[in-house]
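The values are calculated or read from the model by the stated rules, or taken from the named source; none is laboratory data. In this text the structure is predicted, and so the values were computed from the model without any measurement. In this analysis, Cβ positions are derived from the backbone assuming ideal geometry, glycine residues included, and neighbour counts consider all displayed protein chains. Calculation scope for accessible area: heavy atoms of the full protein, side chains included, ligands and nucleic acids excluded. Shrake-Rupley method; radii C 1.70, N 1.55, O 1.52, S 1.80 Å.
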Amino acid sequence: MAFYVYILRCADGSYYTGHTDDLERRIAQHEAGEIPGCYTHAKRPLKLVFSQDFSSRDAALESERQIKRWSRAKKQALADHDWGRLRGLARNRQPLTEVRGSTGSPRTDLLKGSPRMELKHGEPQMAPVRGEPVEPQADAEDVDEHWMRHALALADRAERDDDEIPVGAVIVDAQGAIVGEGWNRNISEHDPSAHAEIVAMRVAGANRRNHRLLGCTLYVTLEPCAMCAMAMVHARIARVVYAAADPKTGAAGSVFDLLADPRHNHRVEVSGGVLAGEAGARLKAYFRRKRGKRKPGA
């Protein structure tokens, strides 16, 4: 089974990076606007400027994380097929070869007017495209980082105000407005279900007067657990963006993959690793402080 990483250039010149196990279907969904909570929904028409297949989901996710760290200038160089500039931008950073997949068969011909890319001598080659490049504006990764920083501020409140594990969550609708937010409240409310995501979804549901949160994106500083993931499926959340992965209980791909399970009648788009270092540092500091407070021999 192949997994794909792809980059879309949106109508306003910004970029969106994603991954999927069915590239043609995913691109068709982007084109048709069938992913209402996705950044690309209001940014059509779209152009596929890069795609690469991988032999495993982990490899695709790692490549997606690497590409998300690319500067806007580097993505612009890729979209404009300026390989000399791209090599120059990558020289002191991440080599382009690090983000290619294991099969070496990138595809960029799924959208009308998109060029086909081939690998030659370790360097991607693409036929020239007519038309002037569009000046980039707000990058999709910039938007994700903006809202993740908001979620990190909520995580700080969890620890500062309630001495809870620092996890925060914020829900944004398709127009970019906050409809709900929250942080961990398990201990303070004596409620095992009061994870940050659940708290935020409860607030969003009350604000919308609807148990469905159609078209919404949920940002959370820690990969959702199974309970939260299934609540997102029931709420019809369109997209989840998380920061730090949870190798013990993560249900967005680390341990379970509930959000993308094809047996569900709704699947949630997932992006992980946004500001993961900052979120992980908060969690490590919290537990280090807690361990330091334990009495000797306890």
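A few comments on the model shown:
- Taken over the stretch 196-216, the residue count meeting the criterion of being closer than 21 Å to V241 by Cβ, part of a loop (DSSP other than H, G, I, E, B) and either without any contact (Cβ under 8 Å) to a residue 24 or more places away in the chain or open to solvent by 50 Å² or more (accessible area, probe 1.4 Å) (or both) is 2.
- Among the conditions (1) in contact (Cβ under 8 Å) with a residue 24 or more places away in the chain; (2) open to solvent by 40 Å² or more (accessible area, probe 1.4 Å); (3) not polar (S, T, N, Q), A235 misses just one, which is (2).
- Filter pass, G131 being in a loop (DSSP other than H, G, I, E, B) and either on the phi > 0 side of the Ramachandran plot or at pLDDT 95 or above (or both): yes
- Look at (1) touching a helix residue (DSSP H, G or I) at 6+ places or on another chain (Cβ under 7 Å); (2) open to solvent by less than 30 Å² (accessible area, probe 1.4 Å) and you find that M230 fails only one, number (2).
- Which numbered condition H190 misses (of (1) in contact with a strand residue (DSSP E or B) (Cβ under 7 Å, 6 or more places away or on another chain); (2) not in a helix (DSSP H, G or I)): (1)
- Residue list for the stretch 174-230, filter: of a type in the set (G, A, S) and within 21 Å of L259 (Cα to Cα): A174, G180, G182, S193, A194, A196, A200, A204, G205, G215, A226, A229
- When P224 is tested against (1) crowded, with 24+ Cβ neighbours inside 10 Å; (2) assigned to a loop (DSSP other than H, G, I, E, B); (3) modelled with pLDDT under 95, only condition (3) is not met.
- Just one of (1) more than 18 Å from G168 (Cα to Cα); (2) touching a residue at least 24 places away in the same chain (Cβ under 8 Å) fails for R263. It is (2).
- Any chance A174 is open to solvent by less than 70 Å² (accessible area, probe 1.4 Å), of a type in the set (A, V, I, L, M) and not in a strand (DSSP E or B): yes
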